[in-house]
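One structure is given below, encoded as structure tokens.
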Amino acid sequence: MMNAVVRSVARCPSRCRLRHSNKGRHFAAQAQQQIPYSENEFPDRREAPIISRTKAVDVVVTSKPQSNSQHRVIPSTRSIGVERPAYIPPNVPIDSLEIPETKITTLSNGVRVGSMETYSQVSTVGVLLDFGSRHELEQYTVPSTNKAVSTAGVNHLMELLAFNSTKNYDGTEIRNILETLGGATFAQSSREQMMYCVDVLRPNVNEAFNLLGETIQSPIVQEIEVEEMKQVIMFQTMDMMPQVLMGEGLQLAAYGPMDGKLQQLGRPHFCTAEALPNLTADSVHAFREQHLLNNPEGIVVSGSGISHDALVELAEANFGHMTSNKSDSAKTTVPSIYTGGEYRLQTEPSPHSAKEEFTHIAVAFEVGGWHSLDLVPTCVLQTLLGGGSSFSAGGPGKGMYSRLYREILNRHRWAESAEAFTSFHAESGLWGISGSCPPQFGREMATTIVQQFDKLANDFVTDEELDRARNMLKCNVLTQLESRLVLFEDIGRQILTYGKREDAVTMCAKIDAVTKEDIREVVRKAIKKPPTVSSVGVDISTVPDIGQITQMLGKNSHKRTW
């Protein structure tokens, strides 16, 4: 960077002389004077740099003196070690490699193994489990001990406790071993599934997977570790983004209580301040005993960048001994019923006075879940609406021609963000539009969102919009699947949800088959049901309530408040 600055200063007089020939003498005189410099440009110098020009023919090349350094010099053979390796594996001819495809195997105890060989030097392996925050209970009696515990918030806690102390290692040892192996770990919980993952160099995948298996099957959940993670949860709760709070509120309102009891999809995903004191190590053990230890059918071992036979061997060695106990692993998923409703949360002002506060609003309707025929049309609809923030860094391809960008963000100066979203579950899903704006424009934002729903229900989308949305969705799917981590997750989640995996060709064909009639039909079916409204901000007084939004939509459905 300093060389560029010096070159720029050196070229400046000649450029100016060409542009203003009548001032040539003035600049020539300046060049002879000491050039002022900024300490920001040259922080390590105490005087101005000397700028000179040298021709290539004037450069005298001198031989380098012999170094007295004790460092070992790499010989000309380019070998890294002291001696060349005795055996170097030959390159495999490309015509001898199989075309990558998804392979699935079911072990004798019901554990499923899915993988795709990508021939990369890094492997991603992990386990996806068929449980999530929807399966938590305020009170659960452990059959083995007849002890009552609360498992509310336990998935959030288990995500933070991942890759900590086990039967044979403590947390520090596991982290050091994985660092030595060149691996990174990930754990993520959702409302319906839990994921543990290791990304590691291919030669070390066996040892890394054994650590993964021990982490899942035999963790030693110590009270001191639980208390440490509870402190982390408390800090996360205090610093939670308003967009996350809005999404949580939308879920709670959409699947409101029935007969005075929370529905599974209407439970909080993140551990609440009320549930945090009741979490203990016994809560984790009880939840694992109920949903994991006796349920091998709910386990999917997934991998990308690894031989399928090798992954099957690892899965058999680590999970093949598990047995199913039908009395304990009985299906605990209870379908939730969409109710619609309203969630309003007024937050405290930010302690940073320079930070601008926005009001966040979301309006959503029910659509089909993972097994619905409307799944792909809903995804195309979301891509067609697109949207994002009023400020977008980066290059092209940011969705600037999507409908919400053109009709909200580019038209209304007060619109800070506007974006379409979806949330899918086994039996149901949500589709809607969210936006943020200064507090005084809450009503305008809600009205603008409602107008988008009306326009979609009354008019067909244009051919140009539909083609762009289908192409963009296909591009997003194919681009994401180039990632090793995304590929691993896609294989595992599809097997856990459908029992199989659809390839990219099939998915792209489904996307291409979506018509403008399909889009309008999805919207019309959705808005026949009660809306769900969520608003979060320091000042939400200008945001219309659900009754007013229902009137804007031309509905007379029963008003619900959560």
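The values are calculated or read from the model by the stated rules, or taken from the named source; none is laboratory data. The model shown is predicted, which means the values in this text are computed figures rather than measured ones. Cβ coordinates were reconstructed from backbone atoms using ideal geometry, including for glycine residues, and neighbour counts include every protein chain displayed. Side chains are part of the model used for accessible areas, which takes the heavy atoms of the whole protein and leaves out ligands, DNA and RNA. Shrake-Rupley method; radii C 1.70, N 1.55, O 1.52, S 1.80 Å.
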Calculate what fraction, in whole %, of the accessible area of the range 168-244 sits on carbon and sulfur atoms when a 1.4 Å probe is rolled over the protein chains.
55 percent
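If the limit is 22 Å between Cα atoms, which of K455/K525; K500/K525; K500/K528; K455/K516 go over it? If you can, show how the numbers build up before the last one.
On the way: K455/K525 14 Å; K500/K525 29 Å; K500/K528 33 Å; K455/K516 13 Å.
Going by Cα-Cα distance, K500/K525; K500/K528 fall outside the 22 Å limit.
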With all protein chains present, the range 448-546 has a carbon and sulfur share of its accessible area (1.4 Å probe) in percent of 51 percent
Given H placed 1.01 Å from N in the peptide plane, which residues other than close sequence neighbours of L137 have an amide H under 5 Å from its amide H?
T151, A152
Pick out, in residue order, every one of the GluC sites (Glu not before Pro) in the range 266-352 that is DSSP loop and has at most 14 other C-beta atoms within 10 Å; say none if there are none.
E274
What are the GluC sites (Glu not before Pro) within the range 427-482 that DSSP puts in a loop, where the Cβ has at most 11 other Cβ atoms within 10 Å?
E482
Subtract the Cα-Cα distance of N168 and W370 from 0.36 nm times their separation in residues, and report this length gain in nm to one decimal.
68.8 nm
Percent carbon-and-sulfur accessible area, the range 267-364, ignoring ligands, DNA and RNA, probe 1.4 Å
54 percent
Spin-label point model (7 Å from Cα, Cβ direction): what's the D467 to S324 distance in nm?
5.0 nm
Please give the length that would be gained between D259 and T333 if that part of the chain were fully extended, namely 0.36 nm times their separation in residues minus their C-alpha to C-alpha distance (nm, one decimal).
24.9 nm
Heavy atoms of F209: accessible area, 1.4 Å probe, square angstrom to 10:
0 Å²
Sites T54 and L345, calculated FRET efficiency, Cβ-Cβ separation with R0 56 Å, nearest 0.05:
0.25
Return one whole number: the accessible area per residue of the range 469-561 in Å², for a 1.4 Å probe.
50 Å²
If DNA, RNA and ligands are ignored and the probe is 1.4 Å, what is the ranking of I220, I299 by accessible area, most exposed first?
I220, I299
How much accessible area per residue does the range 268-352 have, in Å², with a 1.4 Å probe?
46 Å²
Ignoring ligands, DNA and RNA, what accessible area per residue does the range 104-192 give at 1.4 Å, in Å²?
42 Å²
Quick check for me: using +1 on Lys/Arg Cβ and -1 on Asp/Glu Cβ, what's the dipole size of the range 173-303 about its Cα centre, in debye to the nearest 20?
380 debye
With r defined as the distance between the Cβ atoms of C508 and Q243 and R0 fixed at 30 Å, what FRET efficiency is calculated, to the nearest 0.05?
0.45
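Within the range 493-549, report the trypsin sites (Lys or Arg not before Pro) that DSSP leaves as loop and that have at most 12 other Cβ atoms within 10 Å.
Answer in residue order: K500, K528.
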Taking R0 as 22 Å and r as the Cβ-Cβ distance between A317 and V92, the FRET efficiency 1/(1 + (r/R0)^6), rounded to the nearest 0.05, comes to 0.25
Can you run phi through the Karplus equation (6.51, -1.76, 1.60; θ = phi - 60°) for the range 523-540 and list ³J(HN,Hα) in whole Hz, with x for Gly and Pro?
5, 5, 5, 5, 7, 6, 9, x, x, 10, 10, 9, 9, 9, x, 5, 9, 10
